[in-house]
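A.B. asks: Attaching a single structure in structure tokens format; questions to follow.
The values are calculated or read from the model by the stated rules, or taken from the named source; none is laboratory data. Quantities reported herein were computed from a predicted structural model and do not represent experimental measurements. Every residue, glycine as well, gets a Cβ built from its backbone with ideal geometry; the counts of neighbours run over all protein chains shown. Only protein heavy atoms, including side chains, enter the accessible area calculation; ligands, DNA and RNA are left aside. Shrake-Rupley method; radii C 1.70, N 1.55, O 1.52, S 1.80 Å.
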Amino acid sequence: QAEPGQTAFFAADAEPVTEEDLDWWLAVIGWAYDDLEAIAQQVTHPSQRALVGAVATRQLEILARATGGTMGQVSDGAPDTATFLPPAHNATLAVFRRINAAQRAAVRQEAGQRWSARRGLRESALLARRALDDLKRL
């Protein structure tokens, strides 16, 4: 089942992402994932480790849907380990940095939902923040 907001396509999501927007969102995503990775390095409980792996996988799904790319493999480790998160974080920043103006303005249909770069950036930041809160509760 999708988290609240993960199926929503807001009117603002259709607006092209400017260079300034992109810089701002990448900074926010970077901070959110830096915080999450700091906590993820300390997790030991199996449910915490599974959550971290699920976040990494979900992040790659968001990235692929928002940019029209493919999910790809970012780690040789099992997806329930904290080592899976940094490569997903790095891939997200790298792919979003490379998208051109046409990709930043595109709205596409993926998996029965409307997706755009702006939606992908928003959901990436929210995913990390929600996961951080969830890890603290487990």
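A.B. asks: Hey, what did the chain get for relative contact order, percent, Cα under 8 Å, at least 6 apart?
C.D. replies: 39 percent.
A.B. asks: In sequence order, what are the phi-derived ³J(HN,Hα) couplings for region 33-41 according to the Karplus relation 6.51 cos²θ - 1.76 cosθ + 1.60 with θ = phi - 60°, rounded to whole Hz, with x for glycine and proline?
C.D. replies: 6, 4, 4, 5, 5, 4, 6, 4, 5
A.B. asks: Could you tell me the center-to-center distance, by alpha carbons, between region 28-61 and region 123-138 in angstrom?
C.D. replies: 8 Å
A.B. asks: Quick one: which of 119-130, 46-57, 102-113 comes out on top by average Cβ neighbours within 10 Å, and what's the full order, highest first?
C.D. replies: Answer by packing, highest mean first, reads 119-130, 46-57, 102-113.
A.B. asks: Summing -39500 (n - 2.57) over the DSSP H runs of n ≥ 4 in the chain and dividing by its residue number, what mean residue ellipticity at 222 nm do you reach, to the nearest 500 deg cm²/dmol?
C.D. replies: Counting only the DSSP helices, I get -20500 deg cm²/dmol.
A.B. asks: I need the phi-derived Karplus couplings for region 124-138: 6.51 cos²θ - 1.76 cosθ + 1.60, θ = phi - 60°, integer Hz, Gly and Pro marked x.
C.D. replies: 4, 5, 5, 4, 5, 5, 4, 5, 4, 4, 4, 4, 5, 7, 6
A.B. asks: Turning to a different aspect of this structure: Using the Cα atoms of the chain to build a convex hull, what is its mean projected area in square nanometres?
C.D. replies: Result: 7.8 nm².
A.B. asks: At 1.4 Å probe size, with every protein chain present, just tell me what the per residue accessible area of the chain comes to in Å².
C.D. replies: 52 Å²
A.B. asks: So what J values fall out for region 9-18 if you push phi through Karplus, 6.51 cos²θ - 1.76 cosθ + 1.60 with θ = phi - 60°, rounded to Hz, Gly and Pro as x?
C.D. replies: Whole-Hz 3J(HN,Hα) from phi for region 9-18: 10, 7, 3, 5, 5, 7, 6, x, 8, 7.
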